[in-house]
Amino acid sequence: MELKRVLIIDDEPLIRTTTALLLKHLNMDTLTAGDGLAGLELAEKENPDLIMLDVKMPGMDGWTVLSRLKADQRLSKIPVIVFTAGDGADSSAKALESGASAVCKKPFQPQELIDIIKDIV
């Protein structure tokens with residue numbers, strides 16, 4: 001699978017911006033959303049090839065977004081990388097059990113994220 005369009009859902013502007021810049025250097029188009037509801041709406045509208053999703057966000061958290069993505073037939077096959085703030089093995093296990101393709105702990109190094117992306121495609 002070739003990744004062309006990636007949706008980044010994170011309430012931290014710096015994470016959205018730096019991740020988008022990194023992916024643009026890898027010749028990927030990026031879409032960004034600052035909260036779960038906006039991210040879910042963008043996913044439904046744009047049908048990205050990959051979603052990067054923060055779990056701790058105000059309003060609709062990443063767990064709810066992930067659950068809704070996996071429940072939607074049109075979106076359920078999109079790989080999701082869950083961003084966690086290093087809250088340990090429990091969050092990683094929960095993410096994978098909930099249908100995420102991979103977990104990336106924040107803060108992360110650019111090469112770390114690139115390796116995770118390469119592993120799931």
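Annotations for the structure displayed:
- All positions within the stretch 89-117 that are surrounded by 17 or more Cβ atoms within 10 Å (Cβ to Cβ), of a type outside the set (A, V, I, L, M) and within 20 Å of Leu75 (Cα to Cα): Lys94, Ser101
- Only one of Glu112, Glu46 that is within 23 Å of Leu23 (Cα to Cα), charged (D, E, K, R) and modelled with pLDDT of 95 or more: Glu46
- Of all residues in the stretch 17-54 being over 12 Å from the mean Cα position of the chain (by Cα), within 16 Å of Glu112 (Cα to Cα) and among the aliphatic types (A, V, I, L, M), the one that is surrounded by the most Cβ atoms within 10 Å (Cβ to Cβ): Leu23
- Residues located in the stretch 1-16, provided they are under 23 Å from Thr64 (Cα atoms) and surrounded by 12 or more Cβ atoms within 10 Å (Cβ to Cβ): Arg5, Val6, Leu7, Ile8, Ile9, Asp10, Asp11, Glu12, Ile15, Arg16
The values are calculated or read from the model by the stated rules, or taken from the named source; none is laboratory data. Computed from a predicted structure; not experimentally measured. Cβ: placed from backbone, ideal geometry, glycine included. Neighbour counts: every protein chain shown.
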